[in-house]
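Some notes on the structure that comes next.
The values are calculated or read from the model by the stated rules, or taken from the named source; none is laboratory data. Quick caveat, the model's predicted, so the values are computed rather than measured. Glycine gets a Cβ as well: all are built from the backbone with ideal geometry, and neighbour counts include every protein chain shown.
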Amino acid sequence: MVDDESTIADTLVEILNGEGFDAVAASTGLDAIAVAQKVRPHIVLSDVVIPGLDGVETGIRIRTLFPDCRIILFSGQAATLDLLKAARERGHDFEILVKPIKPEVLLSILRQRPPSGQAD
């Protein structure tokens with residue numbers, strides 16, 4: 001879980017861990033990559049607008065390290081559509097959620113099989 005707002009990150013990590021996931025928080029893209037190298041995640045949930053590397057670039061770098069990792073991005077800003085479009089043009093497509101995220105919706109999405117073309 002990557003979000004520069006610690007209250008959001010910590011709350012979502014607590015909810016996810018309470019639901020049987022093994023979640024950890026990071027506050028920047030570089031922190032997320034470092035954590036990913038240690039825990040080898042199956043899913044990364046990241047805000048798009050975070051310090052340093054944005055969530056899109058962070059997702060690209062993590063998926064380069066772990067090609068089967070499911071990347072789910074979320075944002076409350078319309079400007080992120082340009083970042084997502086640029087990533088798609090580079091061959092990287094991500095699932096996107098709109099903030100605020102309702103925990104029950106997030107849990108439902110995480111328990112679903114990923115879209116075709118992505119591994120579990």
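Only a single criterion out of (1) at negative phi; (2) surrounded by fewer than 17 Cβ atoms within 10 Å (Cβ to Cβ); (3) touching a helix residue (DSSP H, G or I) at 6+ places or on another chain (Cβ under 9 Å) is not satisfied by ASN17, namely (3). A search for C-beta distances below 6 Å between a residue of region 84-109 that is at negative phi and any residue that is among the β-branched types (Val, Ile, Thr), counting only pairs 6+ apart in sequence or on different chains, returns ALA87/VAL56; HIS92/ILE60; PHE94/ILE71; GLU95/ILE72; PRO103/ILE15.
Scanning region 1-12 for residues that are farther than 15 Å from ALA36 by Cβ and of a type in the set (Val, Ile, Thr) turns up THR7, ILE8, THR11.
For region 77-92, filtering for residues that are loosely packed, with under 13 Cβ neighbours inside 10 Å and either touching a strand residue (DSSP E or B) at 6+ places or on another chain (Cβ under 8 Å) or more than 18 Å from GLU5 (Cβ to Cβ) (or both) leaves 9. Counting only residues that are free of Cβ contacts under 8 Å to residues at least 24 places away in the same chain, polar (S, T, N, Q) and farther than 14 Å from LEU107 by Cβ, how many does region 2-30 have? Adding up the residues that qualify gives 2. Looking across region 47-83, the residues that are under 12 Å from ALA32 (Cα atoms) and of a type in the set (Gly, Ala, Ser) come down to GLY52, GLY55, GLY59. Among the conditions (1) buried (at least 17 other Cβ atoms within 10 Å of the Cβ); (2) modelled with pLDDT under 90, GLY59 misses just one, which is (2).
Scanning region 31-47 for residues that are in contact with a helix residue (DSSP H, G or I) (Cβ under 8 Å, 6 or more places away or on another chain) and without any contact (Cβ under 8 Å) to a residue 40 or more places away in the chain, we see that the one that is surrounded by the fewest Cβ atoms within 10 Å (Cβ to Cβ) is GLN37. Condition check for GLU104 on (1) of a type in the set (Asp, Glu); (2) surrounded by 18 or more Cβ atoms within 10 Å (Cβ to Cβ); (3) modelled with pLDDT under 95: one failure, at (2).
Please enumerate the residues belonging to region 27-62 that are within 13 Å of the chain's Cα centre (by Cα) and farther than 22 Å from HIS92 by Cα. Within region 27-62, SER27 is the sole residue that qualifies.
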